[in-house]
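Before any comments, here is the structure.
The values are calculated or read from the model by the stated rules, or taken from the named source; none is laboratory data. This structure is a prediction, so every number in the text was calculated from the model and none was measured. Here the Cβ is made from the backbone with ideal geometry for all residues, glycine too, and neighbour counts use every protein chain on show. What goes into the accessible areas is simple: the full protein's heavy atoms, side chains included, and nothing from ligands, DNA or RNA. Shrake-Rupley method; radii C 1.70, N 1.55, O 1.52, S 1.80 Å.
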Amino acid sequence: MSTPSFSRRSLLRSIAASGAAVAAPSVLAACSTSAKKHDVGNVGKKLVPWPTYVPFPGPAPDLPGTADGIQPGYLTYPKDLATAVHDKPGKGETIKVMTITYGTPPKPAGQNKFWTAINEALGVNLEFTVVPDSDYMTKMATMMAGNDLPDVINFGGGHTLPREADFVVSKCADLSDHLTGDAIKAYPNLANLPTYVWQDMGHIGGRLWGVPVQRSAPGNCLWINNDVFTAAGMKDGWTSDDFLEVAKAATHDKKYGLGSSAPLLFGETMHSMAWGAPQEWKLDGGAFVSAYTTDEYRASIEYMSKLRQAGLYNPNVLGTSTVDCKTFFYNGTVGSMVDGFGALSTSVPSIKDAFVLDAAVPYKPANGAKPGMQRAKGAWGYTVLKKTTPDRVKLILRVLDYLASPFGTKEYELNHFGVEGTHFTRDKDGSPIPTELGLVENPVQLPVKYLCDAPQVLYIPGRPDVVQRNHTWQLKVAPMLVPNPRFGLQSATASRVGAAIDTLRTDTIGSIVAGRKPLSAWDDTVKKMRDQGLDQIAEDYAKDYAANH
């Protein structure tokens, strides 16, 4: 990841910014929410049906999940793997793809055995352009403004680009006829994606334009070095005062209790919800109420400032990339960092048992609010296809269907672990254990999993202890997960001005917490955000919500 800027959005933080509470209309009426010439909203539209859900009859989990995203847990690897795809999707075609990355760039295709194996299994030549998270907004905007588009584009990581929905409608293939209702059964692995995932991706102009990348219920959380935090006095039922004291005790000798990066913005997503703020929006009696206008959100900024003033974060947070912050966490320079829930599977092998990795239960804030956590968007991102022929659409959907092959299949094993004997070996129980090559050639460095992926399961090769600990944590925090009611909704105003508004928000938070501006600057920023279109964004979402419900 290169040259971060704290005005860019953090991992798993979405575009919509604050506004006033706006009541949803009681009756549906046609209303244009067009940006430029495209009506991307769903108001007054006949919405195409969601794809039919056809679950894969895979191996029974050792630890049951839930229908809304708490992961099923597997303590051992399935011994008999099923075949999910019986014919290669392609016949030697070249497909250019573009997606975000949170890892180092992959080795070139000719030197990358994982890439070679994926291409061979798919029967196509995938040509990857990977975009580091810190450069995502700039490089994706440049791509969208040009005419030389890749065949496949993933919009992901919680980012929403200016006029993104307009771009999709203008330049991308309408997938409705291929995916809605029983049409999805032509792609059985895509049909295995739960309905809530499609709903969280949402319609654009009443149609389906993408394939979602599924994620499980927990969102951003505080990953901790349990050894450090336990020694520093962490306890069940801790308060925000306790958290401060634990972080102080963990900070000494050029080691810091709290780690963060420019995109993660001092852990804003975790702290704001621990202080009782909504996840972007709350729906109150038909009204959309912004998190950013609440006292709870302001209190969380004040608290993060207090943590920074105490010297508890790594130096130069706003000049640190998330990749570097992960390195600090793995090597013990920092004792914690806020990151997406999916970091579990990549962090465990990276830590190499140097310490016990855990996700923390949110602290109880001093304002007496009920602490919450992000309930992740079921669709972490979505993948679109540039306009092309129906036959090529079907080819690419077959490729995405392969990448969505579920846990317990041979295809999943290749997509997630690589080639046996090259990228992994098996332990005595048959679990795939990464080789040294597998640590540098995998779906993090070659992010096929961000184009499409199977429904998430809780499985760490050879680590049933980690699975058990994390599943117990998921059940404990499940009642604390707070959804965002705007998931799946459209706002032409947000598409047009939301990026600038969100830059104003994140710039201000970064300046306040870093000590360059007083807390009162937040009040001025809220007013400016509203003046720049936030009230209209709230109204857009209210109308679109009514159209969808």
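Listing for the model above:
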quantity	calculated
Filter result for SER495 (modelled with pLDDT under 95 and of a type in the set (Ser, Thr, Tyr))	yes
Qualifying residue in the range 288-304 (condition: touching a strand residue (DSSP E or B) at 6+ places or on another chain (Cβ under 7 Å), of a type in the set (Gly, Ala, Ser) and either within 21 Å of ASP523 (Cα to Cα) or buried (at least 21 other Cβ atoms within 10 Å of the Cβ) (or both))	yes
The range 205-227: number of residues that are open to solvent by less than 10 Å² (accessible area, probe 1.4 Å), more than 26 Å from GLU268 (Cα to Cα) and assigned to a strand (DSSP E or B)	1
Pairs where the first residue, in the range 62-74, is in a loop (DSSP other than H, G, I, E, B) and the second is open to solvent by less than 20 Å² (accessible area, probe 1.4 Å) and of a type outside the set (Ser, Thr, Tyr), C-beta under 6 Å, 6+ apart	ASP62/GLY73; GLY65/GLN71; GLY69/ALA217; ILE70/ALA217; ILE70/GLN474; GLN71/LEU458
Tally, over the range 474-524, of residues that are touching a strand residue (DSSP E or B) at 6+ places or on another chain (Cβ under 6 Å), closer than 21 Å to LYS282 by Cα and in a helix (DSSP H, G or I)	4
Flag if LYS248 is open to solvent by 10 Å² or more (accessible area, probe 1.4 Å), of a type in the set (Lys, Arg) and free of Cβ contacts under 8 Å to residues at least 24 places away in the same chain	no
In the range 33-58, residue farthest from GLN199 (Cα to Cα) [restricted to those that are in contact with a Leu (Cβ under 9 Å, 6 or more places away or on another chain), of a type outside the set (Gly, Ala, Ser) and modelled with pLDDT under 95]	VAL43
Test: residue in the range 282-290 that is on the phi > 0 side of the Ramachandran plot and at pLDDT 95 or above	no
Filter result for ASP200 (acidic (Asp, Glu), modelled with pLDDT under 95 and either assigned to a loop (DSSP other than H, G, I, E, B) or within 27 Å of PRO89 (Cα to Cα) (or both))	no
Output for the range 170-201, where each listed residue is closer than 22 Å to MET143 by Cβ and surrounded by fewer than 24 Cβ atoms within 10 Å (Cβ to Cβ)	SER170, LYS171, CYS172, ALA173, ASP174, LEU175
Number of the condition not met by TYR402 [criteria: (1) open to solvent by 60 Å² or more (accessible area, probe 1.4 Å); (2) in contact with a helix residue (DSSP H, G or I) (Cβ under 7 Å, 6 or more places away or on another chain)]	(1)
Residue selected from the range 98-117 under the condition in contact with a helix residue (DSSP H, G or I) (Cβ under 6 Å, 6 or more places away or on another chain) and assigned to a helix (DSSP H, G or I), by the criterion nearest to GLY340 (Cα to Cα)	TRP115
Residue that is within 27 Å of SER345 (Cα to Cα), surrounded by fewer than 21 Cβ atoms within 10 Å (Cβ to Cβ) and not β-branched (Val, Ile, Thr), where the choices are ALA500, ALA478	ALA478
Selection count, the range 147-169, where residues are assigned to a loop (DSSP other than H, G, I, E, B), open to solvent by less than 40 Å² (accessible area, probe 1.4 Å) and not β-branched (Val, Ile, Thr)	8
Boolean, ALA310 is over 30 Å from LYS449 (Cβ atoms), touching a Lys or Arg at 6+ places or on another chain (Cβ under 9 Å) and modelled with pLDDT of 95 or more	yes
Single match in LYS476, LYS528 (criterion: on the phi < 0 side of the Ramachandran plot and free of Cβ contacts under 8 Å to residues at least 40 places away in the same chain)	LYS528
Number of the condition not met by MET144 [criteria: (1) open to solvent by less than 40 Å² (accessible area, probe 1.4 Å); (2) not in a helix (DSSP H, G or I)]	(2)
Any chance ASP68 is open to solvent by 60 Å² or more (accessible area, probe 1.4 Å), more than 30 Å from MET144 (Cα to Cα), among the charged types (D, E, K, R) and within 25 Å of the chain's Cα centre (by Cα)	yes
Near pairs, Cβ below 9 angstrom, 6+ apart or cross-chain, from the range 193-217 (in contact (Cβ under 8 Å) with a residue 40 or more places away in the chain and farther than 25 Å from PRO479 by Cβ) to any residue that is basic (Lys, Arg) and open to solvent by 10 Å² or more (accessible area, probe 1.4 Å)	MET201/LYS377; HIS203/LYS45; GLY205/LYS45; GLY206/LYS45; GLY206/LYS46; ARG207/LYS45; VAL213/LYS449
Any chance THR508 is touching a Lys or Arg at 6+ places or on another chain (Cβ under 8 Å) and open to solvent by less than 50 Å² (accessible area, probe 1.4 Å)	yes
